[in-house]
Amino acid sequence: MASILIIDDERPIRNTLKEILEYEKFKVDEAEDGQAGLEKIKAGKYDLIMCDIKMPKMDGIEVLEAAVNQGVDTPIVMISGHGTIETAVEALKKGAYDFISKPLDLNRLLVTVRNAVDRKELVQETKKLRRKVSAGKGQTQIVGESEGIMAVKEMIAKVAPSDARVLITGGNGTGKELVARSMHEQSTRNKSPFIEVNCAAIPSELIESELFGHEKGAFTSAIKQRKGCFEQAEGGTLFMDEIGDMSLSAQAKVLRALQESRITRVGGEKEIKVNVRVLAATNKDLVQEIADGNFREDLYHRLGVILVHVPALNDRKDDIPILAEYFLNQLAQDHGRDIVFDSKALEELKKVDWTGNIRELRNIVERLVILCDKTITAADIKMYANPKA
């Protein structure tokens with residue numbers, strides 16, 4: 001039951017408001033002047049404060065200023081029988097949630113009260129979610145508390161301190177790179193480089209040069225010697241993303257590098273010893289790729305000493321509110337916006353078919369931050385996120 005404090009020096013006004021609000025199932029407390037009201041604000045926790053402006057001892061504007069200065073985040077609705085536009089503007093500038101003139105209009109009063117109470121609940125829920133997503137600052141954050149993502153976090157904690165190779169599987173946008181970075185940060189190699197190479201983004205004729213480097217003159221555009229990713233990651237971690245898209249010839253050379261901890265630059269003859277932990281990731285079914293002749297079985301077993309599967313967002317729906325708040329916190333700052341989700345919007349996000357996983361969710365949140373007003377509603381989700389019917 002939401003709790004409301006009424007501060008007004010006129011008993012009939014207090015009695016009328018109390019009767020109306022208690023009928024609407026609110027819990028009501030009273031104070032007969034500004035000083036008494038401020039003492040109750042300090043001592044109690046309220047979901048809404050309704051404060052008259054013209055009162056003896058301490059007027060409503062002084063109560064408002066004192067409450068705001070004390071960091072009170074409860075919405076304060078100012079009431080006045082001598083209301084002017086200037087008074088209303090002053091109250092709002094000083095932090096009031098709203099301003100209502102006497103005589104009170106019942107419909108206007110109840111709409112304002114319900115909206116203010118909802119806003120208070122929303123602020124509290126937002127703070128709660130932001131506390132969750134802010135845990136672990138200073139490290140790569142894997143956000144979520146679902147069973148599937150907790151299993152991933154536990155696996156990282158167990159495996160990270162070792163030098164075991166890890167094969168990370170999961171769909172596009174699920175956060176495989178995040179898992180690899182977290183594993184590196186929690187390892188004994190975290191003071192050394194973390195080098196990432198996307199095997200799908202590099203043409204097959206260049207992938208060997210990218211991984212192993214090349215000597216000057218090895219090919220037409222090789223105008224100087226270049227160290228590859230294995231050498232760049234010396235002492236640290238090499239993350240090979242989309243390993244399932246690598247050509248068979250490159251796979252053979254990666255297998256040799258893993259077996260012998262040695263590489264040879266393209267166009268070179270000298271073997272170079274490397275000390276690198278290799279983490280790999282793929283969105284493909286490598287067992288099927290092996291059956292189809294597209295991936296080497298021996299390399300699969302070399303890479304997959306430990307297998308970690310990152311669940312799809314559709315399989316961890318309970319994490320969506322936490323993830324959405326996490327992205328909103330980041331993106332609102334980036335775009336200079338003061339914006340929040342209401343609780344129904346967060347529930348509506350769970351109805352979306354997230355085929356693009358976390359990457360898609362982040363994009364949708366950014367769209368909402370840019371296009372919506374101060375509060376993102378369920379209607380906004382339906383308009384911009386295309387949930388299932």
Around Thr282 (Cβ within 10 Å, Cβ-to-Cβ, excluding Thr282; K/R +1, D/E -1) the net charge comes to -3
Rounding to the nearest 20 debye, state how big the charge dipole of the chain is about its Cα centre with +1 on each Lys and Arg Cβ and -1 on each Asp and Glu Cβ.
-> 1120
The simple spin-label model distance between Asn115 and Lys191, using points 7 Å out along Cα→Cβ, in nm, is 5.8
Take the Cα of Phe219, step 7 Å along the line toward its Cβ, and report every residue of region 253-295 whose backbone nitrogen sits under 11 Å from that point.
-> 266-267
If you line up the long axis of helix 106-134 against the longest principal axis of the chain, both from Cα atoms, how many degrees apart are they, to the nearest 10?
-> 30
With a Förster distance of 41 angstrom and the Cβ-Cβ distance between Tyr23 and Glu147, calculated FRET efficiency to the nearest 0.05 equals 0.40
Label point distance in nm, Ser343-Met383, each placed 7 Å from Cα along Cα→Cβ | 2.4
Would you please put 19-30, 34-45 in order of how densely packed they are, using the mean number of other Cβ atoms within 10 angstrom per residue and starting with the highest?
-> 34-45, 19-30
At a Förster distance of 56 Å, what's the computed FRET efficiency of Met58 paired with Asp315, Cβ-Cβ distance as r, to 0.05?
-> 0.50
Out of all DSSP beta bridges with both ends in the chain, state the antiparallel percent to the nearest 5.
-> 10
Normalized C-alpha radius of gyration of region 172-240, against 2.2 N^0.38 Å?
-> 1.28
Farthest towards the positive end of the dipole of region 3-132, among Asn107, Val117, Leu38 and with Cβ unit charges of +1 on Lys and Arg and -1 on Asp and Glu, lies the Cα of Val117
Can you list the lysines whose alpha carbon is less than 20 Å from that of Lys25, not counting same-chain residues fewer than 8 positions off?
-> Lys45, Lys120
Starting with the highest mean, order 209-221, 317-329 by the number of other Cβ atoms within 10 Å, averaged over the residues of each peptide.
-> 317-329, 209-221
Flagged links, alpha-carbon separation over 30 Å, of Lys153/Lys253; Lys284/Lys317; Lys153/Lys270; Lys216/Lys253; Lys93/Lys350; Lys42/Lys317 | Lys153/Lys253; Lys153/Lys270; Lys93/Lys350; Lys42/Lys317
Could you list the GluC sites (Glu not before Pro) in region 269-321 that lie in coil according to DSSP, counting only those with at most 11 other Cβ atoms within 10 Å of their Cβ?
-> Glu269
Prolate/oblate/rounded label for region 3-132 (Cα gyration tensor, a/c 1.5) | rounded
Under 14 Å, Cβ to Cβ, from Val111 - net charge with Lys/Arg +1 and Asp/Glu -1 | -1
Evaluate E = 1/(1 + (r/R0)^6) for Arg108 and Arg367, where r is the Cβ-Cβ distance and R0 equals 30 Å; express this FRET efficiency to the nearest 0.05.
-> 0.35
Using Cα pairs closer than 8 Å and at least 6 residues apart in sequence, work out the relative contact order for the chain, in percent.
-> 14
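Coordinate-derived values only; no laboratory data. Quick caveat, the model's predicted, so the values are computed rather than measured. For neighbour counting, all protein chains shown are included, and Cβ atoms are generated from backbone atoms with ideal geometry for every residue, glycine included.
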